[in-house]
Each structure stands twice: as C-alpha cells, then as structure tokens.
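Peer 1: Can you keep this structure in mind? I'll have questions shortly.
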Amino acid sequence: MNADLPRLEKPFLMALPGYRRAMLRRIGLFVVLAASALLAHAASGKVLKVLPHFLDLQGRHALSPSLFERDAYQAHLRKNPAEVSALRFDVEWSGRGSAAGFKLRVEARGGKAAAQPKMVEATVKPDRFGSTWASVTLDKSAYDQLGGVVAWRVTLWDGDQQLAEQKSFLW
C-alpha cells in the first residue's frame, strides 16, 4: 500500500454526512429504476378513437373537408343504402415495442339474427412519435350479409397478445 495516501477508516458512504449519503442513495435508486424501464421491451398500445364511415360508390366518406358536411353526407348514406359501397373504420391508435408491427382487428355484429359476426384485420406499423391513423374496410358483401352494422369492437394485437380494445355501446 502507498504510504503517501491517507487511509479512510470508514467506507465512502459512511464518511459522508447524512444528507449527502441519502441523496446518493436516491440518485442510485433512480438510475437503477430508469435503466430497468428503458431495458423493458414489453409492447404497449392504445386504441384512442374509432370512426365508422360509410363510403359511397366513388369511395368518398364526405363531399368536402367540412365536418358538418361529412356528418350530413353520412346521414344521407345511412338513408340511401344503395349508394353505400363499403363501411370503413378509421382508427386512431398508438403503440410501441413491436419490431414486427401490430395487427388491428375489427369485429362487427349485424342486425340479422342468423348473421355471424364478421372480422377484418389489417397489419399496421407504429408512428415514431405519438399516435397514428389506420383504416380497416368492411366490404359491401360482408356489410349486406350482416344486415347493417349494429355493434363493433376494435382490438390492437401484438402477435397473440391483445394490447388494447375499444367497442361500441351495444357490443
């Protein structure tokens, strides 16, 4: 051992006053918790908003960008089912942690008693920041087999694990 260096009789943390020792312990605990949170790679996701829109024969859900016009045109399409070509679900969602991407699943129940619920899926990739929108379309034949959509449920999947769900009132 080098004789020129002073020897500490107590370990480093014991030599510090009480306040500094407590602060160093808190900082150490924070670093450990932050590191464990960053290393956790569990996928997470949310379904934030679901907007079911009828599409006309040209594939439009509105005649102009106005929200008032969109709602009026949707009411018109509801009254005139011959002009409807499909039902599109616009889904706002967010997710992170999956390298392979996520799956949006839309399940719809119809008004006909004998109709089985229809399910449509779409593979989606998350946006780098915040939420993103995706569209899932139920075609005219599936819509007609249901006799109109009465209830729906949208789920977000990572492989075989369900991450989030949003459903209509009647589901």
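The values are calculated or read from the model by the stated rules, or taken from the named source; none is laboratory data. Source: prediction; values computed, not measured. Note that each Cβ is placed from the backbone with ideal geometry, even for glycine, and that neighbours are counted across all protein chains shown.
Peer 1: Taking the condition within 13 Å of His53 (Cβ to Cβ) and either in the same structural domain as His53 (by TED's automatic domain parsing) or touching a Leu at 6+ places or on another chain (Cβ under 7 Å) (or both), does Thr155 pass?
Peer 2: Answer is no for this residue.
Peer 1: Right, next: Would you say Arg109 is closer than 13 Å to Trp157 by Cα and surrounded by 13 or more Cβ atoms within 10 Å (Cβ to Cβ)? Break it down stepwise before answering.
Peer 2: Numbers: closer than 13 Å to Trp157 by Cα: no; surrounded by 13 or more Cβ atoms within 10 Å (Cβ to Cβ): yes.
When the stated conditions are applied, Arg109 does not pass them.
Peer 1: Right, here's the next one. Are any residues in the stretch 44-100 among the charged types (D, E, K, R) and under 19 Å from Lys140 (Cβ atoms), and if so, which ones?
Peer 2: Residues satisfying the conditions are Asp56, Arg60, Arg78, Lys79, Glu83, Arg88, Asp90.
Peer 1: Name the one entry in Ser94, Ser141, Ser85 that is of a type outside the set (Val, Ile, Thr), over 22 Å from the mean Cα position of the chain (by Cα) and surrounded by 16 or more Cβ atoms within 10 Å (Cβ to Cβ). Write out each step before concluding.
Peer 2: Numbers: Ser94 fails: over 22 Å from the mean Cα position of the chain (by Cα); Ser141 fails: surrounded by 16 or more Cβ atoms within 10 Å (Cβ to Cβ).
Step by step, each of Ser94, Ser141, Ser85 is checked, and only Ser85 is of a type outside the set (Val, Ile, Thr), over 22 Å from the mean Cα position of the chain (by Cα) and surrounded by 16 or more Cβ atoms within 10 Å (Cβ to Cβ).
Peer 1: How about the stretch 86-106: which of its residues are touching a Lys or Arg at 6+ places or on another chain (Cβ under 6 Å) and closer than 15 Å to Gly148 by Cβ? Walk me through it before giving the result.
Peer 2: Keep residues of the stretch 86-106 that are touching a Lys or Arg at 6+ places or on another chain (Cβ under 6 Å), which gives 86, 92, 94, 101.
The one that is touching a Lys or Arg at 6+ places or on another chain (Cβ under 6 Å) and closer than 15 Å to Gly148 by Cβ: Ala86.
Peer 1: From the set of residues in the stretch 109-133 that are of a type in the set (Gly, Ala, Ser) and in contact (Cβ under 8 Å) with a residue 40 or more places away in the chain, which is nearest to Val47 (Cα to Cα)? Lay out the reasoning, then the answer.
Peer 2: Taking the stretch 109-133 and keeping what is of a type in the set (Gly, Ala, Ser), we get 110-111, 113-115, 122, 130-131.
Restricting the remaining residues to those that are in contact (Cβ under 8 Å) with a residue 40 or more places away in the chain gives 110, 131.
Details: Gly110: 22, Ser131: 9 Å.
Only one residue tops the list, namely Ser131.
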